[in-house]
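Report on the following structure.
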Amino acid sequence: MFHRVLVAGMGALGSEVVKNLGLLGCESVLMADADVIEQKNIARSVLLREGAIDGQSKVACSLNRLRAWFPETHWDGAAVEIADIEPGHFSRADILFSCVDTDLARTEIAALAARYKLPVCDAGLGGTSTRVGRVSWFPGVHSAACFACLLSGKRRAALLNAWESDVHACWAREQGEEGTWTSTPTMASIVAGLQVELAVSAMKSAEGAFSVHLDLDQAPILREIQHSRSVECPLHDDVLGIPFPICTRAECGQCHRQFSPDRRTGWVRRWSACPSCGNRDLIIRDSRSNEWEGSLS
Ligand SMILES: [Zn+2]
Ligand SMILES: [Zn+2]
């Protein structure tokens, strides 16, 4: 079993995952999610129930509940993205559960995992149907595939160089076809159960990366897919400098005000708003370059 666990994303899947970790008697769990509670989350999550306040951080609210339910586990968390968690937590962790819902967030996690040689168990819901889920295991060794290996070269370059965000749920989608993102609580519960169970067994034996694909629309299907490392994926070199580019200048798409966020470009794409008009449609004008530029053509 794992002792020290990181969980990225506290949506429908993440809340089910931490509940499972509590039931398994995990020693210590650290959660990261920058998101705040919205009314629609409250009905869907086992953690965000009565007492949950609109606009409160999902992590803060979950911590209260988890500490009361599972006092044997040391619960910790921060209302930030996983990339903003202090490095020390990565080197001490046994595994990272990825419960995020964009390719960009998954690519950032792959970069962090490569850096700290940390196994990642990822899960996603939706895609072709609301009754589809996928759990993927990435062992965190440089010889095995990472999430970025599963992307097409073009998509990987877009994510690693431009750090372009998207709002699609789901895994290694080749081209951006609009997916239906619905996190039904039953599918979240099934897939999060599978995610934790699969991680428990993969920690012991799995050397390669693979996914388990669950489709309850198709008579139900559960199939395993093996992943091999892409020779073009740059996340397997031993030397990784500053992994994430910092956006130094952004422009508002509406009022054209320019400002200096000085934060990770990935963060700016997802969370930043124009300081003048509050618009979130921003153009990245300048960023400190990153070390992958040379290796992607
Ligand atoms: Zn890779
Ligand atoms: Zn503006």
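For every residue, the table says whether it meets (1) under 17 Å from Ala206 (Cα atoms); (2) touching a Cys at 6+ places or on another chain (Cβ under 7 Å); (3) within 16 Å of ligand 2 (Cβ to nearest atom); (4) in the same structural domain as Ser28 (by TED's automatic domain parsing).
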| residue | (1), (2), (3), (4) |
| --- | --- |
| Ile85 | no, no, no, yes |
| Gly88 | no, no, no, yes |
| Ala93 | no, no, no, yes |
| Asp101 | no, no, no, yes |
| Ala110 | no, yes, no, yes |
| Arg115 | no, no, no, yes |
| Leu125 | no, no, no, yes |
| Val141 | yes, no, no, yes |
| Ala144 | yes, no, no, yes |
Checking Glu197 against (1) of a type in the set (D, E, K, R); (2) more than 16 Å from ligand 2 (Cβ to nearest atom); (3) over 30 Å from Gly22 (Cβ atoms), the condition it does not meet: (3)
Which residues, taken from the stretch 246-267, are of a type outside the set (Lys, Arg) and within 14 Å of ligand 2 (Cβ to nearest atom)? Ala250, Glu251, Cys252, Gly253, Gln254, Cys255, His256, Gln258, Phe259, Pro261
Which ranges mark the strands (runs of 3 or more DSSP E) fully within the stretch 116-225 that have 2 or more residues being at pLDDT below 95 and over 15 Å from Cys99 (Cβ atoms)? 209-215
Sole residue being in a loop (DSSP other than H, G, I, E, B), more than 11 Å from ligand 2 (Cβ to nearest atom) and modelled with pLDDT of 85 or more, chosen from Glu291, Glu232: Glu232
Report yes if some residue within the stretch 88-109 is farther than 22 Å from Ala144 by Cβ, of a type outside the set (S, T, N, Q), without any contact (Cβ under 8 Å) to a residue 60 or more places away in the chain and out of contact with any His (no Cβ under 7 Å at 6 or more places or on another chain); otherwise report no. yes
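The values are calculated or read from the model by the stated rules, or taken from the named source; none is laboratory data. Predicted, not measured: the structure shown is a model, and the values here were computed from it. FYI the Cβ positions are ideal-geometry reconstructions off the backbone, even for glycines, and counts take in every protein chain you see.
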